[in-house]
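Here is the structure we will look at.
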Amino acid sequence: MEFNLQDVDSIIDHWGPKPASLLQILLDVNHQYRYLPQEAIQRVAQRLSMPVSQVYSVASFFKVFSLKPRGRVIMHVCTGTACHVKGGPRIIERLEQDLNMKTGETSEDLFVTLETVNCVGACAAAPVVMVGEVTYSEMTPSKTSLLVKELREKES
Ligand code: FES
């Protein structure tokens, strides 16, 4: 979604332009754009009469916020012990190769953000890959390639 000052203003108006609303406002903005655009942070600071640096420090403190654009698909590969032992690293390698990017990055077309996660509690199904809230069990590099292909097809 394109950045739009009016959208940010309506979020601020909804929660009230006061410092106590900061977290709720940032959560909604982050949800809307999948990250916190710099212009949004500046607008929030201005409307809440807070220093921009203070809004930035809150935004960078909580892991739920992203200061960089994120993909429409958020993919997590588990790097916990069980998944590691059962081939997690080979899945990461395949994804980096298929997507032509490194873990921790977002593709240029904003299709996907690739991240790792420590044990998601599904060790019996290791190695696992998560797409949003959905867990894919007993993954292999080729199953993962297929999954990426399906996700791309679903998008187009
Ligand atoms: S180590 Fe991957 S789910 Fe537990």
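Given the residues Ser107, Ser57, Ser66, which is the only one that is polar (S, T, N, Q) and under 17 Å from Val131 (Cα atoms)? Selected residue: Ser107, the only one of Ser107, Ser57, Ser66 that is polar (S, T, N, Q) and under 17 Å from Val131 (Cα atoms).
Against the list (1) hydrophobic (A, V, I, L, M, F, W, C); (2) surrounded by 22 or more Cβ atoms within 10 Å (Cβ to Cβ); (3) more than 7 Å from the ligand (Cβ to nearest atom), the condition Cys78 fails is (3).
Rundown of residues vs (1) closer than 26 Å to Pro37 by Cα; (2) among the aromatic types (Phe, Trp, Tyr); (3) touching a Leu at 6+ places or on another chain (Cβ under 7 Å), yes/no style:
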position	(1), (2), (3)
Lys63	yes, no, no
Pro69	yes, no, yes
Val73	yes, no, yes
Cys83	no, no, no
Thr103	yes, no, yes
Val117	yes, no, no
Pro127	no, no, no
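Here is a yes/no grid of residues against (1) surrounded by 15 or more Cβ atoms within 10 Å (Cβ to Cβ); (2) more than 16 Å from the ligand (Cβ to nearest atom):
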site	(1), (2)
Arg47	yes, yes
Val52	no, yes
Ser60	no, yes
Leu67	no, yes
Arg70	yes, yes
Ile74	yes, yes
Ala82	yes, no
Ile92	yes, no
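Is it the case, given these coordinates, that Ala59 is of a type in the set (A, V, I, L, M) and more than 30 Å from Trp15 (Cβ to Cβ)? Against the criterion (of a type in the set (A, V, I, L, M) and more than 30 Å from Trp15 (Cβ to Cβ)), Ala59 does not qualify.
Conditions tested, residue by residue: (1) outside any helix (DSSP H, G or I); (2) farther than 11 Å from Val73 by Cβ; (3) assigned by TED's automatic domain parsing to the domain that holds His31.
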| residue | (1), (2), (3) |
| --- | --- |
| Glu93 | no, yes, no |
| Met101 | yes, yes, no |
| Gly104 | yes, yes, no |
| Thr113 | yes, no, no |
| Pro127 | yes, yes, no |
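With respect to the conditions (1) within 16 Å of the ligand (Cβ to nearest atom); (2) crowded, with 17+ Cβ neighbours inside 10 Å; (3) not charged (D, E, K, R), Thr106 lacks only one, and its number is (1). Per the listing Ala45, Ala82, the residue uniquely free of Cβ contacts under 8 Å to residues at least 12 places away in the same chain and among the aliphatic types (A, V, I, L, M) is Ala45.
The values are calculated or read from the model by the stated rules, or taken from the named source; none is laboratory data. All values reported here derive from a predicted model rather than from experimental measurement. Virtual Cβ from ideal backbone geometry, glycine too; neighbours counted across all protein chains shown.
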